[in-house]
1. Wrap a convex hull around the Cα atoms of region A:42-244, take a quarter of its surface area, and give that in square nanometres.
2. Work out how much length A:Ser240 to A:Asn501 would gain on full extension: take 0.36 nm times their residue separation and subtract the Cα-Cα distance, in nm to one decimal.
3. Taking DSSP loops as anything outside H, G, I, E and B, show the longest stretch in chain A free of GluC sites (Glu not before Pro) there with at most 16 other beta carbons within 10 Å.
4. Please state the shape class of region A:218-361: rounded when a/c is under 1.5, otherwise prolate if a/b exceeds b/c and oblate if not, all from the C-alpha gyration tensor.
5. May I ask you to list the trypsin sites (Lys or Arg not before Pro) in region B:59-166 that are in a DSSP loop and have at most 13 other Cβ atoms within 10 Å of their Cβ?
6. With axes computed from alpha carbons, what is the tilt in degrees of helix A:59-83 against the longest principal axis of chain A, rounded to the nearest 10 within 0 to 90?
7. What distance in nm separates the two pseudo spin-label positions at A:Met66 and B:Ala276, each 7 Å out from Cα along the beta-carbon direction?
8. Work out the charge dipole of region B:7-223 with +1 on the Cβ of Lys and Arg and -1 on the Cβ of Asp and Glu about the Cα centre, then indicate which of B:Val223, B:Ser195, B:Asn95 is farthest towards its positive end.
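The values are calculated or read from the model by the stated rules, or taken from the named source; none is laboratory data. These numbers were taken from a predicted model, which means no experiment stands behind them. All Cβ positions, glycine included, derive from the backbone under ideal geometry; neighbour counts span all protein chains shown. These area figures cover heavy atoms from the full protein model, side chains too; ligands, DNA and RNA do not enter into them. Shrake-Rupley method; radii C 1.70, N 1.55, O 1.52, S 1.80 Å.
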Amino acid sequence: MTSVPPTALNEATSIHPPTRTAEASWLRAWNWTEARLAALAERANPILVKETRQALKSRQFIITFMIVLLFCWIVSFVGIAIVGPQIYYAAAGPGMLAAYYTILIIPLTLVVPFTAFRSLAAEQEENTFDLLSITTLGSRQIVTGKLASALVQMVVYLSAVSPCIAFTFLLRGVDAITVGMLLAVAMLGSVGLSMMALLIGAAARVRTTQVVISVALVLLLAGAGVALWFLGIGIISDGSAMYRQAEFWLFAVVVMSLYVTTFGLLHAAAAAQVAFVSENRSTPLRRWMMAQQACLCGWMAGLVYVVLGSPGASSSGFMSGVVIITATLGSGYWFLMGAMMTGEWPHLSRRVQRSLPTNDAWRPFVSLMNPGPGAGYLFAVANLTMLLIVSLSAAVWANATGMAGGGGPSLEAAFYYAIFAWSYVVAFLGFGRLIINALRKWVYVPMTAAFLIHVILLLSAIGVPTVIQMTSRELRNSGYTLLQMPNPVWTLSELANRGVNSVQADVLVLILPTAALIALLLNLRSVATELMLQRIPVPVRIIEDEAELEAAAPRGPQSPWDLDDDPA
Amino acid sequence: MYMPRRPLIEVRELHRYFGPTKAVVDMSFEVYAGEVFGYIGPNGAGKTTSMRIISTLDEPTYGDALVDGFSVVDDPDRVRRRLGFMPDYFGTYQNMNVVEYLDFFARAYGLRSYERKRAIEYAMEFTLLEQLAEKPINGLSKGMKQRLALGRTMIHDPAVLILDEPAAGLDPRARIELREMIGRLAADGKSVLISSHILTELAEMCHRVGIIEQGQLLAVGTVEEISNQTETRSEVRLRVLGEPDGMMQYLRVRDDVSDIAFRNGQVILTHAGGPAEQAALLRQIIEANFQVVEFASKTKSLEDVFMHVTEGRVQ
């Protein structure tokens, strides 16, 4: 493809302007389109350009594409033959659409994500990752480029199936919303799975483990493919009935918000895996975690709005239930995230220290977004605390206005539940972090090992008391006892199901928060050290370089009058 | 004429440990603009590790390296704009030809439009790859791949080039071409840090060398400087008219001469002293009425210097 510079186009039109034939205008439009496409390709991610070129020459891609095309034809011919004369009056569209969807979902959920995984893994195997790393491409650009090339492949596969999907309209029984929803599910599912595969590909640096990871990924993708197939079939069979219900769209919003924030989190995590060690890899992840927390708050608020807002709805114990669900989801989420964040390396790079906040008043708050295990611990605790305060406040407000009603879990139980869940997270993360800190004085503890320490600590707290009680003749049949105090699963489920008295909440409310506060206080010194770090000055060479770049940057017109001065 | 200007590479107290293994220990040196700096050492000496650190592919355990004043640890993005690294392996992409390969890296270095086109043309012209533009990479010979790798390394016109064993596996003609290319890059004012096992070639193309062993930089300087720093003894060959016995007898009683032998009509001896002491020795032999027709001091090769500095412990 040859690109025509815009100036050349302008000159051409100004020298020969008079006869505006249909052919000339067609040619101008073509040239204009070509120039714009060339400009677009110029701005495209380099990895996208490279991988598209490679894919077009790849035997694997061509064979897969031909197989998809072939199966579409076979399904079309065989399907029509089976339907026979009924095609003139029966609604054969849904059946055919389901068949085409089945053909489409295999490359989209299996081939494309696995190719994305292999694309990143092959960079390590073929020794090209080093070459890629030392270019000026950023880690996010690398991940986005890989993802974009997966997207191009999806579009190509979709283009093979799309004429067949359009054909199902002629067969009756299929509407545009169903098709749109079906394609959206397939595409979003494929993009999400590709993102996950890229994260795994970025994390799997050791070649010897790649075979095991590849097999596990194929199984995971196959499972996800089956789930998406069932979802698609459900949309084809019941779709038109579902769209008419407001709850469906509310649910779609919830799913989309979860999808977008999880996608962002996975993207940031994959970029962090390929980024240089001195880069700030934590702050983008923490932003996405906060976005997910905001979504959780939004979902709960939406749930309350829908249930309590509907006329004649029974709201007995509903708010307490909301608090318990929020506390369960929130504490689970922040324990997982906290287990990873507390495994971060404690020393901030000079690069990160240059961007630390300068405002003394804001530093403790803004610094929570900075890398470091202490900041990560406090970030998890602060977010969980905020979440529980918001949900408890909502419950108190609903109770005060009489909206919460009676029955179900009591508000008191919900309060205890939130406090206990908070205490468990703060205590387990806090004590886990102390163990990691102690170990780091002697050995190198990577993030994976730190995460495992937290998991082992939690499993021990669940398993040891349970085993003791189950093997004790006196305690075996006595239900919940205070021996299970360190066991969050038993304690919280007992509290939610049987109420406050079943777990001796008046005793636990003294012990669990105290343990959490002790863990928090023991960590506070090292946390404060991280939070109070001062910004270091930017080196003179960086300032000089910035000035050089600023001076070298091409300057566009600053005002409309500048354009008049331009001789072109 | 080589004129050192400013250091484009500054290695400061670089350390790199892999568990108990000390790959690089307290390494410091500088490479100036327009200078070719040879990196010599046996296998496993720490050459590649230190080159990877300078190229922002690895991080030091302690210390730092600056490229054009930017830290490889703190500002790898700025370093990468100024640095081209050619590792000792060729990273192959499937289903790509020469021009697509260069185009990808030009794009990856942020070159746009005509700037990219010019850079690709120049790289292909410089590395003599114009005729192979459409040839698939997998079909290239080792020498062609090395030239392509060099083209990729210089595609964004970096001020610093780090070449790890670029001549490995090349035939003599390809080596000569590579040597000429490196010379032209240095003449353009670029700093070139190059490692190689072929010491004769390094001696010809490098302005200075650094000898590294077991992670430590043992000596830095020109071959002559290192030779003078590390060893003052040199081999001297003499030819005299008539029988050499008298002169050999005369030499045997001197403290600064040892290992005297007569081979192929020449008296071969080891002299402890520099050029000034050798001149004095010649003057004294002549004053003792020996008719000297030839007096030659053997110049130490890079191999000699290397073997001496590393004490022959090549693995």
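1. Working: hull surface 51.7 nm².
Orientation-averaged projected area of the Cα hull: 12.9 nm².
2. On the way: separation 261, 0.36 × 261 = 93.96 nm, distance 4.84 nm.
Full-extension gain reported as 89.1 nm.
3. Working: sites that count: A:Glu126, A:Glu474.
The segment A:127-473 is the longest one with no such site.
4. On the way: a/c = 2.73, a/b = 1.57, b/c = 1.74.
Here region A:218-361 falls in the oblate category.
5. On the way: sites: B:Arg78, B:Arg80, B:Arg81, B:Arg82, B:Arg107, B:Arg112, B:Arg116, B:Lys117, B:Arg118, B:Lys142, B:Lys145, B:Arg147, B:Arg152; in loops: B:Arg112.
Of the trypsin sites (Lys or Arg not before Pro), the ones in loops of region B:59-166 whose Cβ has at most 13 other Cβ atoms within 10 Å are B:Arg112.
6. Once rounded, one gets 90 degrees.
7. Between A:Met66 and B:Ala276, the simple spin-label model gives 8.2 nm.
8. My answer, from the dipole projection, is B:Asn95.
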